[in-house]
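In what follows, a single structure is set out as structure tokens and then discussed.
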Amino acid sequence: MVLSLAEKKVGDLIARMKEEIVLTLQELVRIPSVVGQEGKAQAYVDRLYRSLGLEVVSPAPDLEKVKTHPAFIETGMSYEGRANVIGIHAGEPGSRSLLLNGHIDVVSPEPARAWKYDPWGAQIDGERMYGRGAGDMKAGLLANFFALKAILQAGLKPRGKVMLLSAIDEEA
């Protein structure tokens, strides 16, 4: 497969960001975000999105509206103080938009004593990072973020709106 000059430039930028990507993932994994307690991790994501100059909105789910969805499952948890975080890179009006999403919440690591590594430690052993959310799905959220960061640093301007969404409540 032959890569375009733009694809190569973005790929090279991402490769040069490897250390930053790993350190950022460690920071995020070290912030507990068990379902229902996502606030501190979402504040971290909010700061990341703002660091790219994105417009950031944090809508809290409207329980009455969410209940009407056919896939709704009652968890008994309130949505008060539990907002989604959306970073928006503006595009040209009328152009197609792209939404890259993932969830910030994780399931409880209990019993924590059963873990070989601290579930909030983000410890690296060889080529693997261990910690709650390292693979599901904090790494995915950051893959979205760093992809957009590399595209922007490469001097590329997406024609349409690009939105990064860090959602709560997926694990529930």
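The values are calculated or read from the model by the stated rules, or taken from the named source; none is laboratory data. This one's a predicted model, so the numbers in the text were calculated from it and none came from an experiment. With ideal geometry, Cβ positions are generated from the backbone for all residues, glycine too; neighbour counts draw on all protein chains shown. Each accessible area value is taken on the protein alone, full model and side chains, heavy atoms only, with ligands, DNA and RNA left out. Shrake-Rupley method; radii C 1.70, N 1.55, O 1.52, S 1.80 Å.
At-a-glance table
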item: Residues that are in contact (Cβ under 8 Å) with a residue 60 or more places away in the chain and either of a type in the set (D, E, K, R) or touching an Asp or Glu at 6+ places or on another chain (Cβ under 7 Å) (or both), drawn from segment 35-60; result: Val35, Glu38
item: Filter pass, Leu164 being open to solvent by less than 60 Å² (accessible area, probe 1.4 Å) and either outside any loop (DSSP other than H, G, I, E, B) or of a type in the set (A, V, I, L, M) (or both); result: yes
item: Residue count for segment 35-82, restricted to those that are open to solvent by 100 Å² or more (accessible area, probe 1.4 Å) and over 20 Å from the mean Cα position of the chain (by Cα); result: 8
item: Selection within segment 17-50 - touching a helix residue (DSSP H, G or I) at 6+ places or on another chain (Cβ under 9 Å) and either at pLDDT below 95 or not β-branched (Val, Ile, Thr) (or both); result: Met17, Glu20, Leu25, Glu27, Leu28, Pro32, Ser33, Ala41, Tyr44, Leu48, Tyr49
item: Check on Gly102, surrounded by 14 or more Cβ atoms within 10 Å (Cβ to Cβ) and closer than 23 Å to Asp169 by Cα; result: yes
item: Selection count where residues are open to solvent by less than 20 Å² (accessible area, probe 1.4 Å) and either without any contact (Cβ under 8 Å) to a residue 24 or more places away in the chain or under 14 Å from the mean Cα position of the chain (by Cα) (or both), scope segment 8-34; result: 4
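One line per residue, one yes/no per condition, for (1) open to solvent by less than 10 Å² (accessible area, probe 1.4 Å); (2) in contact (Cβ under 8 Å) with a residue 60 or more places away in the chain; (3) touching a Gly at 6+ places or on another chain (Cβ under 9 Å):
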| residue | (1), (2), (3) |
| --- | --- |
| Arg113 | no, no, no |
| Tyr117 | no, no, yes |
| Trp120 | no, yes, yes |
| Tyr130 | no, no, yes |
| Gly135 | no, no, no |
| Gly140 | no, no, yes |
| Phe146 | yes, yes, no |
| Lys149 | no, yes, no |
